[in-house]
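First the structure, in the form of structure tokens, and then the observations on it.
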Amino acid sequence: MIPALRHAWRATGADLPFGDPRPAHGVATEGFFWRFTTPGNRVVIAGCALVRHAGNRWGLAFLASEPGGFLRATTTDATWSDPDRLALTVGDALTVDGDRLDVDLGDDARLSVRLERPALWTGRPLHGLGAGSLLPGLSQYWHPYLFDADVTGKATLGGPPTALDGARCYAEKNWGPAFPDTWWWAQAHGFDRPDVCVALAGGPLSAGPLDTRLTSVVVRVGARVLRLVPPLARVRTEIAGGRWRVTAAGPRTTVRITAEAPGGGASPVPVPLAEPHALTASAHHLTAPLTLTVVRDGRTLYQGRSDLAGLETGGAHTPPAASVRRG
């Protein structure tokens with residue numbers, strides 16, 4: 001397709017079959033998220049958002065980790081993203097260039113890593129929303145593009161620099177006109193098999209007369225990547241009292257997920273609103289126990305537990321984000 005036509009189509013939020021959702025779409029809000037687990041059972045998350053609203057462009061970048069409850073974030077008016085490849089900047093705070101991620105939020109909050117031997121979402125015509133990836137104008141899109149990678153680099157998280165060599169990484173992108181009013185999300189690797197990863201995202205989805213709520217579940221087990229999303233799968237999500245129960249059943253595959261948010265409260269991870277430098281926050285548990293069962297064609301393909309899962313709920317009415325430095 002002619003590049004100008006492809007860019008115009010992607011600016012609606014939609015992608016072409018076999019398209020790469022990672023480059024900039026040019027929609028109002030685009031978010032990127034990386035999640036690292038270390039051999040010492042530390043979880044580090046990094047994220048950014050690029051926002052366009054009423055002629056203004058601004059961005060958010062953050063770092064958080066557990067144990068220790070570390071969180072730093074900043075906003076800036078300077079953002080840039082490439083429509084043809086995975087490359088972007090959020091001022092001087094965050095830079096992505098292919099397999100490189102660098103975050104600088106001050107002397108006590110830095111991360112610099114290279115992601116090697118990535119296990120990417122490749123060779124499939126549709127992304128994390130299934131057929132929804134082809135529809136323009138949806139209220140939200142989501143794609144888990146990286147299931148695993150070898151990490152080399154280091155991080156400073158409120159103390160002396162810590163080597164991240166040997167850590168594992170997961171990464172995703174979400175985009176649309178704005179962040180939804182309500183959402184739920186979970187992700188886990190750190191199982192007894194390094195080639196197992198699960199991610200899910202759910203919330204309201206609307207476009208024209210379409211107005212529904214759905215959850216998309218994506219599982220990687222070895223060389224298989226399994227996506228279960230309505231209408232081709234029945235997905236039941238129950239979140240109450242810190243307990244998560246998600247069952248996704250497709251024609252050949254059933255995935256069951258149970259998790260429990262730990263006590264002690266969640267981290268208030270910052271989330272951008274439309275107005276420049278306006279933030280709310282999600283309730284994000286960085287380390288939670290999660291059990292995963294994957295049944296394929298009547299036999300158990302995988303069953304196991306990770307104690308390093310992330311669980312998040314959020315929406316526009318959550319309390320404002322804390323520990324945010326503007327600049």
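The values are calculated or read from the model by the stated rules, or taken from the named source; none is laboratory data. From a predicted model like this one, the values you see are computed outputs, not experimental measurements. Virtual Cβ from ideal backbone geometry, glycine too; neighbours counted across all protein chains shown.
Could you say which residue among F147, F179 is in a loop (DSSP other than H, G, I, E, B) and closer than 30 Å to S206 by Cβ? Break it down stepwise before answering.
Working: F147 fails: in a loop (DSSP other than H, G, I, E, B).
Just a single option satisfies the conditions, and that option is F179.
Conditions (1) in contact (Cβ under 8 Å) with a residue 60 or more places away in the chain; (2) out of contact with any Leu (no Cβ under 6 Å at 6 or more places or on another chain); (3) farther than 21 Å from A87 by Cα, marked per residue:
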residue	(1), (2), (3)
D148	yes, yes, no
T152	no, yes, no
L157	yes, yes, yes
D165	no, yes, yes
E172	yes, yes, no
W183	yes, yes, yes
D192	yes, yes, yes
R213	no, yes, yes
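Quick grid of which residues meet (1) surrounded by fewer than 21 Cβ atoms within 10 Å (Cβ to Cβ); (2) out of contact with any Phe, Trp or Tyr (no Cβ under 8 Å at 6 or more places or on another chain); (3) part of a strand (DSSP E or B):
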{"site": "W9", "(1), (2), (3)": "yes, yes, no"}
{"site": "L16", "(1), (2), (3)": "yes, no, no"}
{"site": "G26", "(1), (2), (3)": "yes, yes, no"}
{"site": "N41", "(1), (2), (3)": "yes, yes, no"}
{"site": "R52", "(1), (2), (3)": "yes, yes, yes"}
{"site": "W58", "(1), (2), (3)": "no, yes, yes"}
{"site": "G68", "(1), (2), (3)": "yes, yes, no"}
{"site": "L88", "(1), (2), (3)": "no, no, yes"}
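Among the conditions (1) in a strand (DSSP E or B); (2) surrounded by fewer than 17 Cβ atoms within 10 Å (Cβ to Cβ), the only one that D107 does not satisfy is (1).
Of all residues in region 239-259, those satisfying the criterion of being within 22 Å of the chain's Cα centre (by Cα) and within 22 Å of T300 (Cβ to Cβ) are W244, R245, V246, T247, A248, V255, R256, I257, T258, A259.
Based on this model, can you work out whether T215 counts as of a type in the set (V, I, T), part of a strand (DSSP E or B) and in contact with a Gly (Cβ under 6 Å, 6 or more places away or on another chain)? Full working, then the answer.
Values: of a type in the set (V, I, T): yes; part of a strand (DSSP E or B): yes; in contact with a Gly (Cβ under 6 Å, 6 or more places away or on another chain): yes.
Answer is yes for this residue.
Within region 238-256, the set of residues being in a strand (DSSP E or B), out of contact with any Phe, Trp or Tyr (no Cβ under 7 Å at 6 or more places or on another chain) and under 19 Å from A188 (Cβ atoms) comprises E238, R243, W244, R245, V246, T247, A248, T253, T254, V255, R256. Applying the set (1) more than 19 Å from P23 (Cβ to Cβ); (2) at pLDDT below 95; (3) out of contact with any Lys or Arg (no Cβ under 9 Å at 6 or more places or on another chain) to G123 leaves exactly one unmet item: (1).
Any residue that is of a type in the set (A, V, I, L, M, F, W, C) and more than 29 Å from L214 (Cα to Cα) - is there at least one of those in region 129-152? Walk me through how you get there before you give the answer.
The first filter runs over region 129-152 and keeps only residues of a type in the set (A, V, I, L, M, F, W, C), leaving 129, 131, 134-135, 138, 142, 146-147, 149, 151.
Add one more test, that the residue is more than 29 Å from L214 (Cα to Cα), and what stays is 151.
Scanning region 129-152 turns up at least one residue that is of a type in the set (A, V, I, L, M, F, W, C) and more than 29 Å from L214 (Cα to Cα).
Matching residues to (1) over 17 Å from the mean Cα position of the chain (by Cα); (2) part of a strand (DSSP E or B):
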{"position": "R124", "(1), (2)": "yes, no"}
{"position": "H143", "(1), (2)": "no, yes"}
{"position": "G153", "(1), (2)": "yes, yes"}
{"position": "T156", "(1), (2)": "yes, yes"}
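Residues of region 70-81 that are in contact (Cβ under 8 Å) with a residue 60 or more places away in the chain, among the hydrophobic types (A, V, I, L, M, F, W, C) and surrounded by fewer than 24 Cβ atoms within 10 Å (Cβ to Cβ): F70 alone. Checked against (1) out of contact with any strand residue (DSSP E or B) (no Cβ under 6 Å at 6 or more places or on another chain); (2) more than 21 Å from Y145 (Cβ to Cβ); (3) of a type outside the set (G, A, S), R243 meets all criteria but (1).
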